[in-house]
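Novice: This is the structure, below, for whatever I ask next.
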Amino acid sequence: MDKLYIVIPAYNEKDNIINTVNDWYGVVERCGEDSRLVVINDGSTDETYDIISAMAEKKPQLIPLTKINGGHGSTVIYGYRFALNRGADWIFQTDSDGQTDPAEFEAFWQLRNEYDAVIGNRTVRGDGKSRKFVENVVCLLLRMVFGVKVRDANAPFRLMKAELVRRYIDRLPSNYNLPNIIMTTFFAYYHENIAFREISFKPRQGGKNSINIKKIVRIGIRAMKDFRSFKKEM
């Protein structure tokens with residue numbers, strides 16, 4: 001049976017983390033006893049890690065990890081590497097804010113024998129028009145810089161074959177802040193066998209979003225420099 005590792009970064013998510021773990025734990029249970037739910041605490045200043053650790057005492061397929069705060073991107077990479085080192089066959093990444101729906105996972109899982117990666121496409125976004133605008137700009141930039149056309153570059157709802165992740169992850173610095181965007185770009189640029197599938201995307205279910213418009217602008221400026229550097233190496 002395929003071994004699935006679900007990777008979920010978490011930063012100050014005490015208001016969401018119990019529901020997130022409970023919702024996604026059922027997925028790994030259904031995928032087999034060797035599958036794992038890996039929740040990585042990114043140096044939270046609240047009780048996030050304590051909550052995850054307490055839940056793990058009664059959930060043997062839950063792995064709580066903690067690390068020094070490094071941001072969402074570095075935490076995702078940390079989780080991918082952990083899953084690869086533990087012998088995962090498939091890696092699924094989502095976030096801890098309750099915006100994605102575990103009920104939509106099964107349709108992705110059923111496609112694993114047809115594609116090496118299935119990536120979510122957020123056609124309707126519950127987190128506001130500004131976030132949708134940012135994603136549209138990102139996709140436009142990827143088309144301009146790399147010549148690739150993708151429907152949703154950064155969706156936190158992606159099922160990837162472990163060997164596909166392994167093929168590209170060493171190209172990323174361990175602290176790279178936009179790993180899912182550039183991984184999607186690699187997949188499209190090198191014509192990997194991938195598919196995009198529409199998903200729902202709810203508003204954040206609790207807590208406070210640590211990313212604001214000013215941060216998005218700063219990230220965007222840095223991203224353009226990074227994209228050009230990646231393109232030179234491709």
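The values are calculated or read from the model by the stated rules, or taken from the named source; none is laboratory data. Keep in mind that what you see is a predicted model, and the values were worked out from it rather than measured. Note: ideal-geometry Cβ built from the backbone for every residue, glycine included; neighbour counts use all protein chains shown. Keep in mind that these areas ignore ligands, DNA and RNA; they rest on the heavy atoms of the full protein, side chains included. Shrake-Rupley method; radii C 1.70, N 1.55, O 1.52, S 1.80 Å.
Novice: Every residue in region 215-226 that is open to solvent by less than 100 Å² (accessible area, probe 1.4 Å), within 12 Å of Asn177 (Cα to Cα) and modelled with pLDDT of 70 or more, please.
Specialist: Selection gives Ala223, Asp226.
Novice: Based on this model, can you work out whether Asp46 counts as more than 27 Å from Glu198 (Cα to Cα), out of contact with any Asp or Glu (no Cβ under 9 Å at 6 or more places or on another chain) and surrounded by fewer than 20 Cβ atoms within 10 Å (Cβ to Cβ)?
Specialist: no
Novice: Only one of these conditions is not met by Thr20: (1) closer than 22 Å to Asp89 by Cβ; (2) hydroxyl-bearing (Ser, Thr, Tyr); (3) surrounded by 23 or more Cβ atoms within 10 Å (Cβ to Cβ). Which number is it?
Specialist: Thr20 satisfies every listed condition except (1).
Novice: Is one or more of the residues making up region 145-155 surrounded by 14 or more Cβ atoms within 10 Å (Cβ to Cβ), at pLDDT below 95 and basic (Lys, Arg)?
Specialist: Checked against the condition, which is being surrounded by 14 or more Cβ atoms within 10 Å (Cβ to Cβ), at pLDDT below 95 and basic (Lys, Arg), region 145-155 yields at least one hit.
Novice: Given the conditions (1) outside any loop (DSSP other than H, G, I, E, B); (2) farther than 20 Å from Ser35 by Cβ; (3) open to solvent by 30 Å² or more (accessible area, probe 1.4 Å); (4) modelled with pLDDT of 95 or more, report the number of the one that Tyr168 does not fulfil.
Specialist: Among (1) outside any loop (DSSP other than H, G, I, E, B); (2) farther than 20 Å from Ser35 by Cβ; (3) open to solvent by 30 Å² or more (accessible area, probe 1.4 Å); (4) modelled with pLDDT of 95 or more, the lone unmet condition for Tyr168 is (3).
Novice: Moving on to the next point. Inspect all residues belonging to region 55-66 and state whether any of them is among the acidic types (Asp, Glu) and either touching a His at 6+ places or on another chain (Cβ under 8 Å) or within 25 Å of Glu198 (Cβ to Cβ) (or both).
Specialist: No, because not a single residue in region 55-66 is among the acidic types (Asp, Glu) and either touching a His at 6+ places or on another chain (Cβ under 8 Å) or within 25 Å of Glu198 (Cβ to Cβ) (or both).
Novice: Could you pull out every one of the strands (runs of 3 or more DSSP E) wholly within region 50-126 that has 3 or more residues that are without any contact (Cβ under 8 Å) to a residue 60 or more places away in the chain and either surrounded by fewer than 15 Cβ atoms within 10 Å (Cβ to Cβ) or in contact with a strand residue (DSSP E or B) (Cβ under 9 Å, 6 or more places away or on another chain) (or both)?
Specialist: Qualifying strands (runs of 3 or more DSSP E): 62-67.
Novice: Any residue at all in region 177-190 that's under 19 Å from the mean Cα position of the chain (by Cα), surrounded by 14 or more Cβ atoms within 10 Å (Cβ to Cβ) and modelled with pLDDT under 95?
Specialist: yes
Novice: Within region 48-88, which residues are β-branched (Val, Ile, Thr) and within 17 Å of Trp24 (Cα to Cα)?
Specialist: Thr48, Ile51, Ile52, Ile63, Val76, listed by residue number.
Novice: Looking at region 1-39, which of its residues are free of Cβ contacts under 8 Å to residues at least 40 places away in the same chain, among the hydrophobic types (A, V, I, L, M, F, W, C) and either part of a loop (DSSP other than H, G, I, E, B) or under 13 Å from Thr66 (Cβ atoms) (or both)?
Specialist: Met1
Novice: Here's another thing I want to ask about it. Looking for whichever is at pLDDT 95 or above, acidic (Asp, Glu) and more than 22 Å from Ile119 (Cβ to Cβ) here; the options are Asp46, Asp23. Which one fits?
Specialist: Every option except Asp46 fails the conditions.
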